[in-house]
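See below for the structure under consideration.
The values are calculated or read from the model by the stated rules, or taken from the named source; none is laboratory data. All of these numbers come straight from a predicted model, not from anything done at the bench. No Cβ is skipped: glycine too gets one built from the backbone with ideal geometry, and neighbour counts run over all protein chains shown.
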Amino acid sequence: MKKGRLILIPSALADSNAAEHFPATSLRAIMPLRHFIAERARTARRFLRSIGFDADFDEVKIQELDKHEHDDVDRLLAACLQGHDVGLLSEAGVPGVADPGGIIVRAAHRKGVQVHPLIGASSLLLALMASGMNGQAFQFQGYLPREEHELTKSIKQLEATSRQQNTSIMFIETPYRNDKTFQALLKHLHPKTDLCLATQLTASDESVLTMPVEAWQKRKHVIGKKPTVFLLFSGILES
């Protein structure tokens with residue numbers, strides 16, 4: 001029996017304009033699907049409706065991926081092995097990047113299932129594009145440590161890596177910790193290091209600001225609980 005494909009479906013970064021950020025080719029690939037894997041079925045259904053998916057959900061199967069447990073990947077990929085295309089959805093952004101869906105993608109490769117990524121919004125790439133930092137060498141760190149001593153150590157190590165390797169450093173934070181992390185960056189980074197805050201990407205109140213730490217220190221900037229990508233660069237940007 002021919003195996004189905006695992007279709008990687010980027011989800012919207014902002015709820016209000018989901019369909020605007022999907023090319024027609026991606027939408028055409030999504031509409032025939034009747035099998036999905038997602039972190040939350042409710043969020044997946046809401047997203048699918050927002051892009052014009054009009055199938056009867058009584059005929060659609062959405063399996064939930066529990067990122068805190070070792071899921072049975074055989075169960076999640078069973079439809080693929082039976083010949084059905086299956087859509088893998090992220091909560092926001094692209095599957096497998098800052099997203100637990102990567103374990104499903106890896107399992108699909110091992111089982112000989114074709115993996116097909118669709119075009120859509122990635123907050124990390126959008127932030128890097130708009131930051132003015134080095135797009136030739138960059139790394140994503142995920143979340144920084146929460147404990148103050150470890151956070152301080154991590155910030156200084158990342159700044160040193162950026163300076164020594166001319167590398168842009170990207171990371172994210174749980175929204176309620178945005179401002180605490182922001183203040184730690186202002187306290188421990190060198191005044192000349194560039195810091196970018198890319199907030200609410202693709203939303204109507206999107207904001208991307210890059211400036212040296214010493215300039216940020218003169219502003220009374222509050223991020224709040226808005227989804228934000230942080231970027232820092234302390235190297236030399238060459239043309």
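Values computed for the structure shown
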| read-out | value |
| --- | --- |
| Top-ranked residue of the stretch 184-239 - restricted to ones that are small (G, A, S) and within 23 Å of Q136 (Cβ to Cβ), ranked as modelled with the lowest pLDDT | S239 |
| One residue from Q82, Q63 being touching a Phe, Trp or Tyr at 6+ places or on another chain (Cβ under 8 Å), polar (S, T, N, Q) and outside the structural domain of F182 (by TED's automatic domain parsing) | Q63 |
| Total residues in the stretch 208-239, condition of a type in the set (S, T, N, Q), buried (at least 20 other Cβ atoms within 10 Å of the Cβ) and without any contact (Cβ under 8 Å) to a residue 60 or more places away in the chain | 1 |
| Sole residue being out of contact with any strand residue (DSSP E or B) (no Cβ under 7 Å at 6 or more places or on another chain) and either at pLDDT 95 or above or surrounded by fewer than 21 Cβ atoms within 10 Å (Cβ to Cβ) (or both), chosen from I172, I155 | I155 |
| Enumeration of residues in the stretch 181-207 that are surrounded by fewer than 13 Cβ atoms within 10 Å (Cβ to Cβ) and of a type in the set (D, E) | D205 |
| Residue that is modelled with the highest pLDDT, among those in the stretch 1-39 that are farther than 18 Å from G101 by Cβ and acidic (D, E) | E20 |
| Residue match in the stretch 40-62 (condition: of a type in the set (D, E), in contact with a strand residue (DSSP E or B) (Cβ under 8 Å, 6 or more places away or on another chain), surrounded by fewer than 18 Cβ atoms within 10 Å (Cβ to Cβ) and at pLDDT below 95) | no |
| Helices (runs of 4 or more DSSP H) lying entirely in the stretch 121-239 (those with 3 or more residues that are in the same structural domain as P23 (by TED's automatic domain parsing), more than 30 Å from S26 (Cα to Cα) and acidic (D, E)) | none |
